[in-house]
Amino acid sequence: MKFVFLPITKSKESLISYLNRIANANRYLNTFQIADALKMNYNGLRTNHFTSPEITLLSELIDTPSNKIISMTSNYFEALLGEQLSNKMVLKSRFKFCPLCITDDSIYQMSWFLRSITICTKHQIVLCDHCNVCGSDASIDSIMADTCRFCAHAYSSSITSMDVPKEWTIHQIFDCADAGEARFMGHNLTFKNIHQLLYTSTLFLEGCPSPLIPDQVIRIFHNRRSGLRDNLSYHNAIMSFFWMYDQFPENFYRILEYQLKLPTKSMYYRTREFEKIFGDETFNWIKSAYEHFWLSKLDEGRVRKDLSVFKRNTSLLEQRGYIRKEEAKSYFSNEKLISLVEENLLILKENNKKYLVDRRSLNKQFESKCRFVSKAKCSQLLGLNMEIVKGLLEVGILHEDSIDGAFSKLIRKEEIDHLLEKCLVMINKIDDGWIAFSISLRKYNTIGLSAILLIKKMLEGNLAAVTLNTIGNFKKCYINRNQLLLTIKEIKEKRSVEKGLYREEIMQILKIGEKAVVSLESSGLLVPKQIIQLKGGRKRYLYDREKVMELARSNEKAS
(Lines give C-alpha, C1' and ligand atoms only; values in the text may rest on other atoms or scores of the structure.)
Protein backbone atom coordinates (compact mmCIF):
# COMPACT_ATOMS: atom_id res chain seq x y z
CA MET A 1 0.00 0.00 0.00
CA LYS A 2 1.25 3.49 -0.91
CA PHE A 3 -0.21 6.97 -0.63
CA VAL A 4 -0.37 9.21 -3.66
CA PHE A 5 -0.14 12.38 -1.59
CA LEU A 6 1.97 12.73 1.57
CA PRO A 7 1.53 16.12 3.32
CA ILE A 8 4.52 17.56 5.18
CA THR A 9 4.41 16.99 8.94
CA LYS A 10 4.00 20.16 10.99
CA SER A 11 5.61 21.18 14.26
CA LYS A 12 3.81 19.91 17.41
CA GLU A 13 1.53 17.69 15.28
CA SER A 14 0.31 14.33 16.63
CA LEU A 15 0.40 11.17 14.54
CA ILE A 16 -3.38 10.73 14.40
CA SER A 17 -3.64 14.32 13.17
CA TYR A 18 -1.11 13.60 10.43
CA LEU A 19 -2.91 10.37 9.46
CA ASN A 20 -6.17 12.32 9.29
CA ARG A 21 -4.59 14.81 6.88
CA ILE A 22 -3.21 11.89 4.80
CA ALA A 23 -6.69 10.35 4.68
CA ASN A 24 -8.23 13.64 3.49
CA ALA A 25 -5.49 14.24 0.92
CA ASN A 26 -5.93 10.72 -0.53
CA ARG A 27 -9.75 10.78 -0.53
CA TYR A 28 -10.28 8.24 2.27
CA LEU A 29 -13.51 8.59 4.21
CA ASN A 30 -11.59 8.59 7.49
CA THR A 31 -8.43 7.25 9.15
CA PHE A 32 -10.16 3.97 10.02
CA GLN A 33 -10.10 3.05 6.29
CA ILE A 34 -6.31 3.35 6.43
CA ALA A 35 -6.27 1.15 9.55
CA ASP A 36 -8.39 -1.46 7.78
CA ALA A 37 -6.08 -1.47 4.76
CA LEU A 38 -3.01 -1.87 7.00
CA LYS A 39 -4.80 -4.35 9.29
CA MET A 40 -4.11 -2.09 12.27
CA ASN A 41 -6.06 -1.94 15.51
CA TYR A 42 -8.45 1.02 15.83
CA ASN A 43 -7.24 1.63 19.38
CA GLY A 44 -4.12 3.49 18.26
CA LEU A 45 -6.24 5.93 16.24
CA ARG A 46 -8.32 6.70 19.31
CA THR A 47 -5.48 7.07 21.83
CA ASN A 48 -2.49 8.11 19.70
CA HIS A 49 -0.66 5.20 21.33
CA PHE A 50 0.72 2.63 18.89
CA THR A 51 2.49 -0.72 19.17
CA SER A 52 6.07 -1.19 17.98
CA PRO A 53 5.04 -3.17 14.86
CA GLU A 54 2.51 -0.46 13.96
CA ILE A 55 5.14 2.26 14.33
CA THR A 56 7.56 0.28 12.10
CA LEU A 57 4.83 -0.22 9.50
CA LEU A 58 3.83 3.46 9.47
CA SER A 59 7.47 4.55 9.38
CA GLU A 60 8.00 2.60 6.15
CA LEU A 61 4.67 3.66 4.69
CA ILE A 62 5.13 7.42 5.12
CA ASP A 63 8.92 7.33 4.77
CA THR A 64 9.62 8.84 8.20
CA PRO A 65 12.17 7.63 10.80
CA SER A 66 10.71 5.61 13.68
CA ASN A 67 12.01 8.03 16.32
CA LYS A 68 10.19 10.87 14.57
CA ILE A 69 7.00 8.78 14.49
CA ILE A 70 7.32 8.00 18.21
CA SER A 71 7.76 11.71 19.02
CA MET A 72 4.31 12.27 17.47
CA THR A 73 2.59 9.64 19.63
CA SER A 74 1.62 9.23 23.27
CA ASN A 75 4.35 6.60 23.46
CA TYR A 76 6.71 9.56 23.77
CA PHE A 77 5.00 10.75 26.96
CA GLU A 78 4.98 7.22 28.36
CA ALA A 79 8.75 6.99 27.85
CA LEU A 80 9.24 10.26 29.75
CA LEU A 81 6.70 9.72 32.55
CA GLY A 82 6.75 5.96 32.99
CA GLU A 83 3.76 3.74 32.43
CA GLN A 84 2.09 4.31 35.80
CA LEU A 85 2.21 8.11 35.74
CA SER A 86 1.44 8.18 32.03
CA ASN A 87 -1.81 6.29 32.63
CA LYS A 88 -2.87 9.09 34.99
CA MET A 89 -1.65 12.10 33.04
CA VAL A 90 -2.21 11.21 29.33
CA LEU A 91 -5.71 11.18 27.81
CA LYS A 92 -6.70 8.04 25.96
CA SER A 93 -10.41 8.27 25.29
CA ARG A 94 -11.19 11.99 25.07
CA PHE A 95 -10.06 14.84 22.83
CA LYS A 96 -9.69 18.51 23.73
CA PHE A 97 -8.62 21.28 21.42
CA CYS A 98 -8.41 24.95 20.65
CA PRO A 99 -10.90 25.72 17.81
CA LEU A 100 -8.87 28.76 16.78
CA CYS A 101 -5.66 26.73 16.46
CA ILE A 102 -7.53 24.14 14.39
CA THR A 103 -8.75 26.94 12.12
CA ASP A 104 -5.26 28.43 11.81
CA ASP A 105 -3.10 25.30 11.51
CA SER A 106 -5.48 22.39 10.74
CA ILE A 107 -3.56 20.03 13.05
CA TYR A 108 -4.26 18.29 16.35
CA GLN A 109 -1.37 19.14 18.66
CA MET A 110 0.57 16.49 20.61
CA SER A 111 0.39 18.45 23.88
CA TRP A 112 -3.42 18.30 23.90
CA PHE A 113 -3.18 14.66 24.94
CA LEU A 114 -1.74 15.76 28.29
CA ARG A 115 -4.32 16.28 31.02
CA SER A 116 -2.16 19.10 32.36
CA ILE A 117 -2.60 21.17 29.19
CA THR A 118 -5.99 22.80 29.75
CA ILE A 119 -5.66 26.11 27.93
CA CYS A 120 -4.28 27.47 24.69
CA THR A 121 -1.60 29.94 25.74
CA LYS A 122 -1.63 31.48 22.26
CA HIS A 123 -5.33 32.43 22.20
CA GLN A 124 -5.91 32.43 26.00
CA ILE A 125 -8.93 30.15 25.86
CA VAL A 126 -9.78 27.00 27.79
CA LEU A 127 -9.50 23.96 25.54
CA CYS A 128 -12.86 22.61 24.36
CA ASP A 129 -13.72 18.90 24.67
CA HIS A 130 -17.39 18.87 23.69
CA CYS A 131 -19.96 20.65 21.58
CA ASN A 132 -21.37 23.74 23.30
CA VAL A 133 -24.73 23.18 21.60
CA CYS A 134 -25.57 19.49 21.93
CA GLY A 135 -22.96 18.56 24.55
CA SER A 136 -21.59 15.59 22.59
CA ASP A 137 -17.93 14.60 22.97
CA ALA A 138 -15.60 15.68 20.21
CA SER A 139 -13.87 13.12 17.96
CA ILE A 140 -10.65 13.58 16.01
CA ASP A 141 -12.51 13.68 12.69
CA SER A 142 -15.07 16.23 13.91
CA ILE A 143 -12.32 18.37 15.43
CA MET A 144 -10.29 18.42 12.22
CA ALA A 145 -13.48 19.31 10.30
CA ASP A 146 -14.39 21.99 12.92
CA THR A 147 -17.92 20.59 12.89
CA CYS A 148 -19.92 18.62 15.47
CA ARG A 149 -20.74 15.21 14.02
CA PHE A 150 -24.20 15.25 15.66
CA CYS A 151 -25.56 18.77 15.26
CA ALA A 152 -23.19 20.18 12.60
CA HIS A 153 -22.37 23.11 14.86
CA ALA A 154 -19.05 24.83 14.08
CA TYR A 155 -16.82 24.59 17.15
CA SER A 156 -14.97 27.82 16.33
CA SER A 157 -18.18 29.85 16.22
CA SER A 158 -18.93 29.66 19.96
CA ILE A 159 -15.96 30.01 22.27
CA THR A 160 -17.26 30.76 25.77
CA SER A 161 -14.49 29.76 28.18
CA MET A 162 -11.81 32.41 28.08
CA ASP A 163 -8.84 32.11 30.43
CA VAL A 164 -7.99 35.04 32.70
CA PRO A 165 -4.19 34.96 33.18
CA LYS A 166 -2.83 35.26 36.71
CA GLU A 167 0.69 36.34 37.56
CA TRP A 168 1.24 33.10 39.50
CA THR A 169 0.03 30.73 36.74
CA ILE A 170 2.68 29.19 34.47
CA HIS A 171 0.81 26.83 32.15
CA GLN A 172 3.85 26.52 29.87
CA ILE A 173 5.69 24.39 32.43
CA PHE A 174 3.54 21.39 31.52
CA ASP A 175 4.66 21.55 27.90
CA CYS A 176 8.39 21.08 28.58
CA ALA A 177 8.80 17.54 27.25
CA ASP A 178 11.26 18.62 24.56
CA ALA A 179 13.02 21.26 26.68
CA GLY A 180 13.77 18.73 29.42
CA GLU A 181 12.93 20.93 32.43
CA ALA A 182 11.11 24.08 33.45
CA ARG A 183 11.27 26.65 36.27
CA PHE A 184 8.51 26.35 38.87
CA MET A 185 8.31 28.51 41.99
CA GLY A 186 12.05 29.13 41.86
CA HIS A 187 13.00 25.46 41.35
CA ASN A 188 14.02 23.50 38.26
CA LEU A 189 11.66 20.58 37.61
CA THR A 190 11.80 17.99 34.84
CA PHE A 191 8.78 17.09 32.72
CA LYS A 192 8.25 14.04 34.92
CA ASN A 193 8.78 15.99 38.16
CA ILE A 194 6.13 18.59 37.37
CA HIS A 195 3.57 15.93 36.47
CA GLN A 196 4.37 13.91 39.58
CA LEU A 197 3.79 17.01 41.68
CA LEU A 198 0.57 17.84 39.81
CA TYR A 199 -0.92 14.37 40.27
CA THR A 200 -0.07 14.05 43.96
CA SER A 201 -1.27 17.61 44.62
CA THR A 202 -4.61 16.96 42.92
CA LEU A 203 -5.14 14.14 45.44
CA PHE A 204 -5.12 16.84 48.14
CA LEU A 205 -7.22 19.26 46.08
CA GLU A 206 -10.00 16.76 45.32
CA GLY A 207 -13.14 17.77 47.22
CA CYS A 208 -11.62 21.01 48.60
CA PRO A 209 -13.58 24.25 48.41
CA SER A 210 -12.14 26.17 45.47
CA PRO A 211 -9.84 28.97 46.66
CA LEU A 212 -10.58 30.90 43.45
CA ILE A 213 -14.27 30.31 42.69
CA PRO A 214 -16.72 31.00 45.57
CA ASP A 215 -19.13 28.21 46.54
CA GLN A 216 -17.50 25.70 44.22
CA VAL A 217 -15.89 22.41 45.18
CA ILE A 218 -12.90 21.14 43.22
CA ARG A 219 -13.78 17.95 41.34
CA ILE A 220 -10.92 16.29 39.50
CA PHE A 221 -11.49 12.55 39.37
CA HIS A 222 -14.56 11.70 37.31
CA ASN A 223 -14.86 8.24 38.86
CA ARG A 224 -15.51 9.76 42.29
CA ARG A 225 -18.87 10.88 43.65
CA SER A 226 -20.08 14.04 41.89
CA GLY A 227 -17.04 13.81 39.61
CA LEU A 228 -17.07 15.66 36.32
CA ARG A 229 -15.34 14.45 33.18
CA ASP A 230 -14.55 17.66 31.35
CA ASN A 231 -11.54 19.86 30.69
CA LEU A 232 -13.02 22.95 32.34
CA SER A 233 -13.22 21.18 35.71
CA TYR A 234 -9.62 20.05 35.40
CA HIS A 235 -8.61 23.57 34.34
CA ASN A 236 -10.07 24.93 37.58
CA ALA A 237 -8.07 22.28 39.43
CA ILE A 238 -4.90 23.35 37.59
CA MET A 239 -5.52 26.95 38.62
CA SER A 240 -5.93 25.78 42.22
CA PHE A 241 -2.69 23.83 41.86
CA PHE A 242 -0.82 27.01 40.94
CA TRP A 243 -2.52 28.87 43.79
CA MET A 244 -1.54 26.06 46.19
CA TYR A 245 2.17 26.69 45.63
CA ASP A 246 1.93 30.46 45.35
CA GLN A 247 3.08 32.31 48.51
CA PHE A 248 4.54 29.00 49.64
CA PRO A 249 3.95 27.59 52.21
CA GLU A 250 0.91 29.59 53.42
CA ASN A 251 -1.53 28.38 50.72
CA PHE A 252 0.01 24.91 50.84
CA TYR A 253 -0.81 24.72 54.55
CA ARG A 254 -4.42 25.75 53.89
CA ILE A 255 -4.86 22.76 51.58
CA LEU A 256 -3.21 20.45 54.13
CA GLU A 257 -5.51 21.84 56.81
CA TYR A 258 -8.50 20.68 54.77
CA GLN A 259 -7.19 17.09 54.87
CA LEU A 260 -7.79 17.05 58.64
CA LYS A 261 -11.54 17.33 57.96
CA LEU A 262 -11.56 14.13 55.91
CA PRO A 263 -12.23 10.62 57.24
CA THR A 264 -9.03 9.19 58.70
CA LYS A 265 -8.75 6.50 56.03
CA SER A 266 -8.93 9.08 53.21
CA MET A 267 -6.43 11.40 54.86
CA TYR A 268 -3.96 8.57 55.44
CA TYR A 269 -4.25 7.45 51.80
CA ARG A 270 -3.72 10.94 50.40
CA THR A 271 -0.73 11.73 52.61
CA ARG A 272 0.86 8.36 51.89
CA GLU A 273 0.52 8.88 48.12
CA PHE A 274 1.77 12.47 48.24
CA GLU A 275 4.89 11.50 50.21
CA LYS A 276 6.07 9.23 47.40
CA ILE A 277 7.50 12.30 45.64
CA PHE A 278 9.91 12.80 48.56
CA GLY A 279 11.97 9.90 47.26
CA ASP A 280 13.35 12.53 44.85
CA GLU A 281 15.55 15.23 46.45
CA THR A 282 14.12 17.70 43.93
CA PHE A 283 11.13 18.09 46.25
CA ASN A 284 13.07 18.72 49.48
CA TRP A 285 11.79 22.32 49.49
CA ILE A 286 8.24 20.94 49.83
CA LYS A 287 9.25 18.13 52.18
CA SER A 288 10.59 20.44 54.91
CA ALA A 289 7.41 22.56 54.95
CA TYR A 290 5.22 19.46 54.77
CA GLU A 291 6.96 17.82 57.75
CA HIS A 292 6.79 21.04 59.76
CA PHE A 293 3.02 21.23 59.24
CA TRP A 294 2.29 17.69 60.40
CA LEU A 295 4.69 18.01 63.33
CA SER A 296 2.75 21.04 64.54
CA LYS A 297 -0.53 19.10 64.21
CA LEU A 298 0.98 16.24 66.18
CA ASP A 299 1.84 18.66 68.98
CA GLU A 300 -1.75 19.90 68.90
CA GLY A 301 -3.05 16.34 69.25
CA ARG A 302 -4.91 16.48 65.92
CA VAL A 303 -3.02 13.57 64.31
CA ARG A 304 -1.39 10.42 65.62
CA LYS A 305 2.23 9.40 65.35
CA ASP A 306 1.27 6.51 63.03
CA LEU A 307 0.75 9.00 60.17
CA SER A 308 2.96 7.94 57.26
CA VAL A 309 5.13 11.08 57.43
CA PHE A 310 6.39 9.99 60.86
CA LYS A 311 6.94 6.43 59.71
CA ARG A 312 9.05 7.65 56.77
CA ASN A 313 11.10 9.98 58.98
CA THR A 314 11.08 8.69 62.56
CA SER A 315 13.52 11.42 63.65
CA LEU A 316 10.59 13.86 63.48
CA LEU A 317 9.17 12.28 66.62
CA GLU A 318 12.25 13.50 68.50
CA GLN A 319 11.30 17.07 67.59
CA ARG A 320 7.86 16.89 69.19
CA GLY A 321 6.98 19.35 71.91
CA TYR A 322 4.17 17.19 73.31
CA ILE A 323 3.22 13.53 73.39
CA ARG A 324 -0.11 11.93 74.18
CA LYS A 325 -0.77 10.87 77.73
CA GLU A 326 -1.23 7.26 76.60
CA GLU A 327 2.33 7.26 75.26
CA ALA A 328 3.65 8.90 78.44
CA LYS A 329 2.31 5.89 80.36
CA SER A 330 5.13 3.83 78.88
CA TYR A 331 7.44 5.98 81.03
CA PHE A 332 5.35 6.31 84.21
CA SER A 333 2.14 4.87 85.58
CA ASN A 334 -1.02 6.97 85.44
CA GLU A 335 -0.84 7.57 89.20
CA LYS A 336 2.77 8.70 88.90
CA LEU A 337 1.91 11.09 86.05
CA ILE A 338 -0.90 12.63 88.09
CA SER A 339 1.46 12.95 91.07
CA LEU A 340 4.11 14.73 88.95
CA VAL A 341 1.48 17.11 87.51
CA GLU A 342 0.15 17.93 90.98
CA GLU A 343 3.68 18.68 92.17
CA ASN A 344 4.20 20.98 89.13
CA LEU A 345 7.01 18.75 87.92
CA LEU A 346 5.19 17.85 84.69
CA ILE A 347 3.25 20.03 82.23
CA LEU A 348 -0.08 18.60 81.04
CA LYS A 349 -2.48 20.33 78.65
CA GLU A 350 -5.83 19.40 77.13
CA ASN A 351 -6.41 19.96 73.40
CA ASN A 352 -9.14 18.53 71.17
CA LYS A 353 -10.39 16.45 74.11
CA LYS A 354 -6.96 14.80 74.36
CA TYR A 355 -4.41 15.08 77.16
CA LEU A 356 -0.92 16.03 75.98
CA VAL A 357 2.24 15.86 78.07
CA ASP A 358 5.09 18.32 77.61
CA ARG A 359 7.93 16.22 76.26
CA ARG A 360 10.72 18.33 77.73
CA SER A 361 9.45 18.12 81.32
CA LEU A 362 8.67 14.41 80.81
CA ASN A 363 12.21 13.72 79.60
CA LYS A 364 13.58 15.60 82.59
CA GLN A 365 11.61 13.41 84.98
CA PHE A 366 12.48 10.27 83.06
CA GLU A 367 16.19 11.10 83.08
CA SER A 368 15.92 11.71 86.81
CA LYS A 369 14.19 8.35 87.14
CA CYS A 370 16.94 6.62 85.15
CA ARG A 371 19.60 7.98 87.51
CA PHE A 372 18.03 6.11 90.41
CA VAL A 373 17.06 2.47 90.92
CA SER A 374 15.09 0.54 93.49
CA LYS A 375 16.67 -1.98 95.89
CA ALA A 376 15.31 -4.78 93.70
CA LYS A 377 16.99 -3.34 90.60
CA CYS A 378 20.17 -2.71 92.57
CA SER A 379 20.13 -6.40 93.57
CA GLN A 380 20.06 -7.37 89.86
CA LEU A 381 22.83 -4.97 88.90
CA LEU A 382 25.18 -6.10 91.68
CA GLY A 383 24.35 -9.79 91.37
CA LEU A 384 23.54 -9.98 95.09
CA ASN A 385 20.34 -10.91 96.91
CA MET A 386 18.08 -8.32 98.51
CA GLU A 387 19.29 -9.00 102.06
CA ILE A 388 22.89 -8.27 101.09
CA VAL A 389 21.81 -5.00 99.42
CA LYS A 390 20.05 -3.98 102.62
CA GLY A 391 23.22 -4.86 104.51
CA LEU A 392 25.32 -2.66 102.20
CA LEU A 393 22.91 0.21 102.91
CA GLU A 394 23.15 -0.37 106.66
CA VAL A 395 26.94 -0.30 106.72
CA GLY A 396 27.06 2.80 104.48
CA ILE A 397 28.64 1.28 101.38
CA LEU A 398 25.49 2.28 99.44
CA HIS A 399 23.13 5.17 100.17
CA GLU A 400 19.47 5.90 99.55
CA ASP A 401 18.08 9.26 98.39
CA SER A 402 14.61 10.73 98.10
CA ILE A 403 13.80 12.17 94.66
CA ASP A 404 10.91 14.39 93.58
CA GLY A 405 7.64 12.56 93.36
CA ALA A 406 9.02 9.24 94.66
CA PHE A 407 7.10 7.44 97.38
CA SER A 408 10.19 5.48 98.55
CA LYS A 409 13.91 6.09 98.68
CA LEU A 410 16.03 5.04 95.73
CA ILE A 411 19.69 4.29 95.10
CA ARG A 412 21.80 6.24 92.63
CA LYS A 413 22.79 4.07 89.68
CA GLU A 414 26.02 6.04 89.44
CA GLU A 415 26.95 4.86 92.95
CA ILE A 416 26.32 1.24 91.96
CA ASP A 417 28.49 1.58 88.85
CA HIS A 418 31.23 3.23 90.92
CA LEU A 419 31.15 0.35 93.44
CA LEU A 420 31.54 -2.27 90.70
CA GLU A 421 34.35 -0.34 89.01
CA LYS A 422 36.21 0.11 92.29
CA CYS A 423 35.89 -3.53 93.36
CA LEU A 424 36.27 -5.44 90.11
CA VAL A 425 39.08 -5.59 87.56
CA MET A 426 38.79 -7.21 84.14
CA ILE A 427 41.30 -9.89 83.10
CA ASN A 428 41.55 -12.28 80.12
CA LYS A 429 42.20 -15.57 81.92
CA ILE A 430 41.21 -17.22 85.21
CA ASP A 431 43.64 -19.72 86.79
CA ASP A 432 43.74 -21.78 90.00
CA GLY A 433 44.80 -18.75 91.97
CA TRP A 434 41.24 -17.49 91.86
CA ILE A 435 38.01 -18.78 93.40
CA ALA A 436 34.46 -17.82 92.46
CA PHE A 437 32.87 -15.28 94.79
CA SER A 438 29.71 -17.39 95.18
CA ILE A 439 31.67 -20.61 95.88
CA SER A 440 33.72 -18.94 98.62
CA LEU A 441 30.54 -17.84 100.38
CA ARG A 442 29.05 -21.35 100.28
CA LYS A 443 32.32 -22.95 101.41
CA TYR A 444 33.08 -20.68 104.34
CA ASN A 445 29.69 -19.46 105.48
CA THR A 446 29.90 -21.59 108.65
CA ILE A 447 32.68 -19.44 110.05
CA GLY A 448 30.85 -16.19 109.41
CA LEU A 449 32.20 -15.23 105.98
CA SER A 450 29.74 -12.79 104.33
CA ALA A 451 29.44 -10.93 101.05
CA ILE A 452 29.49 -7.60 102.89
CA LEU A 453 32.78 -8.48 104.57
CA LEU A 454 34.34 -9.50 101.24
CA ILE A 455 33.18 -6.25 99.59
CA LYS A 456 34.65 -4.26 102.48
CA LYS A 457 37.97 -6.05 101.96
CA MET A 458 37.84 -5.24 98.24
CA LEU A 459 37.21 -1.54 98.95
CA GLU A 460 40.09 -1.52 101.45
CA GLY A 461 42.38 -3.04 98.83
CA ASN A 462 42.99 -6.22 100.87
CA LEU A 463 41.13 -8.57 98.55
CA ALA A 464 41.54 -8.63 94.75
CA ALA A 465 38.44 -9.41 92.69
CA VAL A 466 38.28 -9.88 88.93
CA THR A 467 35.86 -10.64 86.10
CA LEU A 468 36.56 -12.45 82.86
CA ASN A 469 36.71 -10.17 79.76
CA THR A 470 33.96 -7.81 80.92
CA ILE A 471 32.96 -5.69 83.86
CA GLY A 472 30.20 -7.86 85.27
CA ASN A 473 28.93 -8.03 88.82
CA PHE A 474 29.71 -9.88 92.06
CA LYS A 475 27.77 -12.94 90.98
CA LYS A 476 30.21 -13.52 88.10
CA CYS A 477 33.45 -12.40 89.77
CA TYR A 478 36.45 -14.31 91.20
CA ILE A 479 38.55 -13.44 94.25
CA ASN A 480 42.18 -14.12 95.07
CA ARG A 481 42.43 -17.47 96.84
CA ASN A 482 45.43 -16.61 99.05
CA GLN A 483 43.99 -13.29 100.17
CA LEU A 484 40.71 -15.07 100.92
CA LEU A 485 42.52 -17.53 103.21
CA LEU A 486 44.12 -14.64 105.10
CA THR A 487 40.69 -13.11 105.49
CA ILE A 488 39.30 -16.40 106.81
CA LYS A 489 42.17 -16.62 109.29
CA GLU A 490 41.36 -13.12 110.55
CA ILE A 491 37.71 -14.08 110.92
CA LYS A 492 38.57 -17.16 112.93
CA GLU A 493 40.91 -15.27 115.24
CA LYS A 494 38.40 -12.56 115.84
CA ARG A 495 35.61 -15.03 116.45
CA SER A 496 37.75 -17.11 118.83
CA VAL A 497 38.35 -14.03 120.95
CA GLU A 498 34.78 -12.80 120.90
CA LYS A 499 32.86 -16.08 120.95
CA GLY A 500 35.29 -18.92 121.62
CA LEU A 501 36.80 -21.91 119.86
CA TYR A 502 35.09 -24.83 118.15
CA ARG A 503 35.96 -28.41 119.21
CA GLU A 504 37.90 -28.95 115.96
CA GLU A 505 40.09 -25.95 116.74
CA ILE A 506 40.74 -27.18 120.32
CA MET A 507 41.86 -30.51 118.92
CA GLN A 508 44.39 -28.73 116.71
CA ILE A 509 45.68 -26.44 119.49
CA LEU A 510 45.94 -29.17 122.17
CA LYS A 511 46.96 -31.79 119.60
CA ILE A 512 44.49 -34.31 120.96
CA GLY A 513 41.64 -36.37 119.56
CA GLU A 514 37.91 -36.03 120.09
CA LYS A 515 37.83 -38.69 122.85
CA ALA A 516 40.40 -36.72 124.82
CA VAL A 517 38.25 -33.59 124.49
CA VAL A 518 35.23 -35.52 125.77
CA SER A 519 37.37 -36.82 128.67
CA LEU A 520 38.39 -33.28 129.58
CA GLU A 521 34.74 -32.28 129.54
CA SER A 522 33.84 -35.21 131.81
CA SER A 523 36.58 -34.28 134.29
CA GLY A 524 35.36 -30.69 134.34
CA LEU A 525 38.63 -29.27 133.06
CA LEU A 526 36.96 -28.09 129.85
CA VAL A 527 33.37 -26.87 129.90
CA PRO A 528 31.55 -25.62 126.76
CA LYS A 529 30.94 -21.89 126.85
CA GLN A 530 28.04 -22.16 124.38
CA ILE A 531 26.18 -24.99 122.68
CA ILE A 532 24.75 -24.15 119.22
CA GLN A 533 21.77 -26.23 118.07
CA LEU A 534 21.92 -26.83 114.31
CA LYS A 535 19.22 -27.98 111.93
CA GLY A 536 18.86 -31.75 111.82
CA GLY A 537 19.58 -32.11 115.56
CA ARG A 538 23.36 -31.67 115.41
CA LYS A 539 25.16 -29.53 117.96
CA ARG A 540 28.26 -27.40 117.87
CA TYR A 541 30.26 -26.49 120.96
CA LEU A 542 32.12 -23.27 121.68
CA TYR A 543 34.81 -23.18 124.37
CA ASP A 544 36.41 -20.24 126.17
CA ARG A 545 39.63 -19.37 124.36
CA GLU A 546 41.51 -18.41 127.57
CA LYS A 547 40.70 -21.77 129.20
CA VAL A 548 41.92 -23.63 126.15
CA MET A 549 45.14 -21.60 125.94
CA GLU A 550 45.72 -22.22 129.68
CA LEU A 551 45.42 -25.98 129.12
CA ALA A 552 47.81 -25.69 126.17
CA ARG A 553 50.42 -23.93 128.33
CA SER A 554 49.98 -26.54 131.08
CA ASN A 555 50.56 -29.34 128.59
CA GLU A 556 53.74 -27.63 127.35
CA LYS A 557 55.14 -27.35 130.92
CA ALA A 558 54.21 -30.95 131.68
CA SER A 559 56.07 -32.15 128.59
Inset, instruction - For segment 262-276, indicate whether the set of residues that are out of contact with any strand residue (DSSP E or B) (no Cβ under 9 Å at 6 or more places or on another chain) and more than 17 Å from PHE204 (Cβ to Cβ) is non-empty. - result: no
Legend entry - Candidates GLU275, GLU250, GLU291 - the one that is loosely packed, with under 15 Cβ neighbours inside 10 Å and charged (D, E, K, R): GLU250
Inset, instruction - Please indicate, with yes or no, whether at least one residue in segment 21-42 is modelled with pLDDT of 90 or more, surrounded by 17 or more Cβ atoms within 10 Å (Cβ to Cβ) and under 30 Å from THR202 (Cβ atoms). - result: no
Inset, instruction - Give segment 69-92 a look and list any residue that's out of contact with any strand residue (DSSP E or B) (no Cβ under 9 Å at 6 or more places or on another chain) and either over 23 Å from GLU181 (Cβ atoms) or among the polar types (S, T, N, Q) (or both), or say none. - result: ILE69, SER71, THR73, ASN75, GLN84, SER86, ASN87, LYS92
Inset, instruction - Starting from segment 102-127, take each residue that is more than 13 Å from MET144 (Cβ to Cβ) and list its partners that are of a type in the set (S, T, N, Q) and part of a loop (DSSP other than H, G, I, E, B), counting only C-beta distances under 7 angstrom and pairs at least six apart or across chains. - result: MET110/SER14; PHE113/SER14; PHE113/ASN48; PHE113/SER74; ILE125/SER161; VAL126/THR118; VAL126/SER161; LEU127/THR118
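What is the residue count in segment 93-114 for residues that are under 21 Å from THR200 (Cβ atoms) and out of contact with any strand residue (DSSP E or B) (no Cβ under 7 Å at 6 or more places or on another chain)?
Number satisfying all stated conditions: 0.
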Inset, instruction - State the number of residues belonging to segment 104-162 that are among the hydrophobic types (A, V, I, L, M, F, W, C), outside any loop (DSSP other than H, G, I, E, B) and buried (at least 16 other Cβ atoms within 10 Å of the Cβ). - result: 13
Legend entry - Residue match in segment 20-27 (condition: under 11 Å from ILE140 (Cβ atoms) and touching a helix residue (DSSP H, G or I) at 6+ places or on another chain (Cβ under 7 Å)): yes
Inset, instruction - Mind listing whichever residues of segment 1-30 are among the hydroxyl-bearing types (Ser, Thr, Tyr) and over 55 Å from the mean Cα position of the chain (by Cα)? - result: TYR28
Legend entry - Those residues of segment 487-517 which are surrounded by fewer than 14 Cβ atoms within 10 Å (Cβ to Cβ) and among the hydrophobic types (A, V, I, L, M, F, W, C), in sequence order: VAL497
Inset, instruction - Go through the residues of segment 163-176 one by one and say whether even a single one is farther than 27 Å from SER86 by Cα, acidic (Asp, Glu) and either surrounded by fewer than 17 Cβ atoms within 10 Å (Cβ to Cβ) or at pLDDT 90 or above (or both). - result: yes
Inset, instruction - Give segment 440-465 a look and list any residue that's outside any loop (DSSP other than H, G, I, E, B), touching a residue at least 40 places away in the same chain (Cβ under 8 Å) and hydroxyl-bearing (Ser, Thr, Tyr), or say none. - result: SER440, TYR444
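The values are calculated or read from the model by the stated rules, or taken from the named source; none is laboratory data. Being a predicted model, the structure only gives us computed values, none of them experimental. Note that each Cβ is placed from the backbone with ideal geometry, even for glycine, and that neighbours are counted across all protein chains shown.
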